[in-house]
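For reference, the structure is listed below as structure tokens.
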Amino acid sequence: MGLFAGCEWKRGASQDVVAVAPAPDAQDWHHLVAVFDRAARQIRLYVDGVPAATASTPTPWYAQQGDGPLAVGREKTPSGLANWLHATVDNLSAYQGSLSDAAVARLYAQQHIS
């Protein structure tokens with residue numbers, strides 16, 4: 001262990017929401033899914049199709065109120081871009097609405113790694 005997967009939603013310094021979970025290793029590809037579930041007021045992180053971490057969001061909290069584009073593999077800070085991901089991101093998808101545990105497991109089962 002020692003490698004971590006994480007997701008972060010930001011809406012001002014006082015409303016950051018972070019979910020972090022251990023990832024198995026750095027030698028293989030891993031299927032990572034982050035879900036923002038507005039109704040349940042939480043974000044969920046999945047590693048290889050399995051729920052790995054959950055974090056509660058403040059009330060009210062709306063992801064669409066962000067002040068910029070979706071950022072993957074980096075963080076936007078007051079001084080500029082930082083904390084770059086030192087890895088490869090492949091086959092990125094964004095979905096309208098929240099995915100269930102079963103939907104994430106199906107996505108993982110359907111992936112084709114060569």
* Scope the range 61-79; condition surrounded by fewer than 10 Cβ atoms within 10 Å (Cβ to Cβ) and either at pLDDT below 80 or under 18 Å from Tyr46 (Cβ atoms) (or both); matching residues -> Gln64, Asp67, Gly68, Pro69, Leu70, Pro78
* To do: Scan the range 10-40 for residues that are more than 23 Å from Leu81 (Cα to Cα), at pLDDT below 85 and in a loop (DSSP other than H, G, I, E, B) and jot them down.
  => Pro24, Asp25, Ala26, Gln27, Asp28, Trp29, His30, Arg38
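Right, Arg44: at pLDDT 85 or above, assigned to a helix (DSSP H, G or I) and among the charged types (D, E, K, R) or not? Don't jump to the end; show me each part of the working.
On the way: at pLDDT 85 or above: yes; assigned to a helix (DSSP H, G or I): no; among the charged types (D, E, K, R): yes.
It is false that Arg44 is at pLDDT 85 or above, assigned to a helix (DSSP H, G or I) and among the charged types (D, E, K, R).
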* Structure fact -> Taking the range 80-114 and keeping only residues that are exposed (fewer than 10 other Cβ atoms within 10 Å of the Cβ), closer than 17 Å to Asp37 by Cβ and more than 15 Å from the chain's Cα centre (by Cα), one is left with Ala102
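The values are calculated or read from the model by the stated rules, or taken from the named source; none is laboratory data. Bear in mind that the values here come from a model prediction, so they are computed numbers and not experimental data. With ideal geometry, Cβ positions are generated from the backbone for all residues, glycine too; neighbour counts draw on all protein chains shown.
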